[in-house]
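Chemist: What follows is a structure written as structure tokens; I'll ask about it next.
The values are calculated or read from the model by the stated rules, or taken from the named source; none is laboratory data. Computed from a prediction, not measured in an experiment: that's the story for all the values here. No Cβ is skipped: glycine too gets one built from the backbone with ideal geometry, and neighbour counts run over all protein chains shown.
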Amino acid sequence: MARFALLLPHAADRYENLSKDEYGEIMQDYFAWVQEKVSSGVYVGGHKLQTSTGRLLTRRGGDLEIHDIASAEVAEVVGGIMIIEADNLDAAVELIRDHPHFLHNQNVMVLPVDPASEN
């Protein structure tokens, strides 16, 4: 089986005005989906990313420039990543047709994981 990364983008302000209960209900959708995929043996792992300040590193000549970046500075942020296993890209697409990200956002990017990175 091949591995595929799911990138879960959303608008930078998508979750700002939700109550704790509203946010919890959304997360329950994700937890239920993950549990179903764990039970079927295709879910490898994943992480929700924080939307706080990060760093952008840029190589310029022999120097490394380091800049603060905040999710508010970009049109869309990647809110999380997940890794699943499937026979091929088409099978991966079929596995995520019911992903809860489509209920709460618009896009999921599916990218093959380089098998060499798994060693």
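Chemist: Quick test of your reading of the structure: HIS99 fulfils all but one of (1) within 28 Å of GLU16 (Cβ to Cβ); (2) at pLDDT 90 or above; (3) over 13 Å from the mean Cα position of the chain (by Cα). Name the failing condition by number.
Modeler: Here HIS99 clears every test but (3).
Chemist: Another question, then. In the range 1-51, which residues are out of contact with any helix residue (DSSP H, G or I) (no Cβ under 7 Å at 6 or more places or on another chain), surrounded by 16 or more Cβ atoms within 10 Å (Cβ to Cβ) and over 26 Å from PRO115 (Cβ atoms)?
Modeler: If the condition is that a residue be out of contact with any helix residue (DSSP H, G or I) (no Cβ under 7 Å at 6 or more places or on another chain), surrounded by 16 or more Cβ atoms within 10 Å (Cβ to Cβ) and over 26 Å from PRO115 (Cβ atoms), then HIS10, ARG14, TYR30 are the ones that fit.
Chemist: Could I ask something else about it? Only one of (1) part of a loop (DSSP other than H, G, I, E, B); (2) at pLDDT 80 or above; (3) surrounded by 12 or more Cβ atoms within 10 Å (Cβ to Cβ) fails for GLY79. Which number is that?
Modeler: Single failed check for GLY79: (1).
Chemist: Okay, next question. Name the one entry in ILE84, ILE69 that is of a type in the set (A, V, I, L, M) and modelled with pLDDT of 95 or more.
Modeler: ILE84
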